[in-house]
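Just below is one structure, and these are the notes that go with it.
The values are calculated or read from the model by the stated rules, or taken from the named source; none is laboratory data. Note that the structure is predicted; figures quoted are calculated from it, not measured. FYI the Cβ positions are ideal-geometry reconstructions off the backbone, even for glycines, and counts take in every protein chain you see. For accessibility, only protein heavy atoms count, side chains too; no ligands or nucleic acids. Shrake-Rupley method; radii C 1.70, N 1.55, O 1.52, S 1.80 Å.
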Amino acid sequence: MSSPEISGILENSKELDRLRKEQEEVLVEINKMHKKLQGTPEMVEKPGDNSLSRLKSLYTHAKELSETEVSISTILLNQLDALLPSGPPGQPRRRIGNDQKRKRMKNDSDISRISTSMRSQLEACSNLKGEQVAARVRLDEADKDEWFVVKVLHFDKETREFEVLDEEPGDDDEGGGQRKYKLPMSRIIPFPKKNDLSNVQDFPTGSQVLAVYPGTTALYKATVVNGHRKRKTDEYLLEFDDDEENGALPQRTVPFQKVVALPEEPRQ
């Protein structure tokens, strides 16, 4: 029994564990969406509501995770079969014939294909190093999470955690200096890129978004006022929640690259 074979089994076992944890996270989000739709079914008819598309995306992700789990489980079984003796105790293990060789070659290619597919998202996270992103953080003694702009220092593919730096902490931070955080992927949202408009989302009028409040590094919930922009690079005109002045919500302009989709509220 060689060390590489055992290492392969252990690596796939770790991958299964990560998959199941991610499946649990997706299931929690799906259940939250179900409760939300059951409580207010009329919300899907509101302009700009993305509840159904969000639910479809969650189910698609759950299906992909489930299929990948089945594939890796099958590979694990084949790896274990290859190491177990084929006959009664004491008999030498039979030699691998051509059919078994072909099966093993197929299994090896399955491992590469699955790993490549799963690595794509992790590679995208690794490529965020040095860039600014939106991060959901619970500050010391705070009773709820806050969103603000941070800089990505590192992404660990094994733990799937970001190490980020808050370059401009708020005035109420006791430390006063820059602070580092380690956050899971679910707490990070990349900003749209100025030089790559292919994946820039266009939010119509009435959409609820998360946006950087002008003059700060904090993000707050806001509503799109000018959804009919001529170009994707045009600024958004937004009304921020709880931003009332003289009995009305002022309309504020925010660059498109500082506006992202409003995430689901996490369970407390």
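Going through region 240-259 one residue at a time, which ones are open to solvent by 40 Å² or more (accessible area, probe 1.4 Å) and in contact (Cβ under 8 Å) with a residue 60 or more places away in the chain?
258
Looking at region 64-73, can you tell me whether even one residue there is more than 21 Å from residue 28 (Cβ to Cβ) and aliphatic (A, V, I, L, M)?
Yes.
Please determine whether any residue of region 58-65 is within 24 Å of residue 18 (Cα to Cα), open to solvent by 40 Å² or more (accessible area, probe 1.4 Å) and either at pLDDT below 75 or not in a helix (DSSP H, G or I) (or both).
The answer is no; no qualifying residue exists.
In region 67-95, which residue that is small (Gly, Ala, Ser) and touching a helix residue (DSSP H, G or I) at 6+ places or on another chain (Cβ under 9 Å) is modelled with the lowest pLDDT?
Selected residue: 82.
Please verify whether region 100-116 includes one or more residues that are out of contact with any helix residue (DSSP H, G or I) (no Cβ under 9 Å at 6 or more places or on another chain), at pLDDT below 80, closer than 23 Å to residue 158 by Cα and β-branched (Val, Ile, Thr).
Yes: region 100-116 contains one or more residues that are out of contact with any helix residue (DSSP H, G or I) (no Cβ under 9 Å at 6 or more places or on another chain), at pLDDT below 80, closer than 23 Å to residue 158 by Cα and β-branched (Val, Ile, Thr).
What single numbered condition from (1) touching a residue at least 40 places away in the same chain (Cβ under 8 Å); (2) open to solvent by 60 Å² or more (accessible area, probe 1.4 Å); (3) assigned to a helix (DSSP H, G or I) fails to hold for residue 47?
Residue 47 satisfies every listed condition except (3).
Name the single residue that is nearest to residue 137 (Cα to Cα) among those in region 217-239 being free of Cβ contacts under 8 Å to residues at least 60 places away in the same chain and within 25 Å of the chain's Cα centre (by Cα). Working first, answer last.
First, pick out the residues of region 217-239 that are free of Cβ contacts under 8 Å to residues at least 60 places away in the same chain: 221-223, 225-226, 228-239.
Remaining after also requiring within 25 Å of the chain's Cα centre (by Cα): 221-223, 232-233, 236.
Working: 221: 15, 222: 19, 223: 22, 232: 29, 233: 29, 236: 25 Å.
Step by step, filter region 217-239, then rank; the result is 221.
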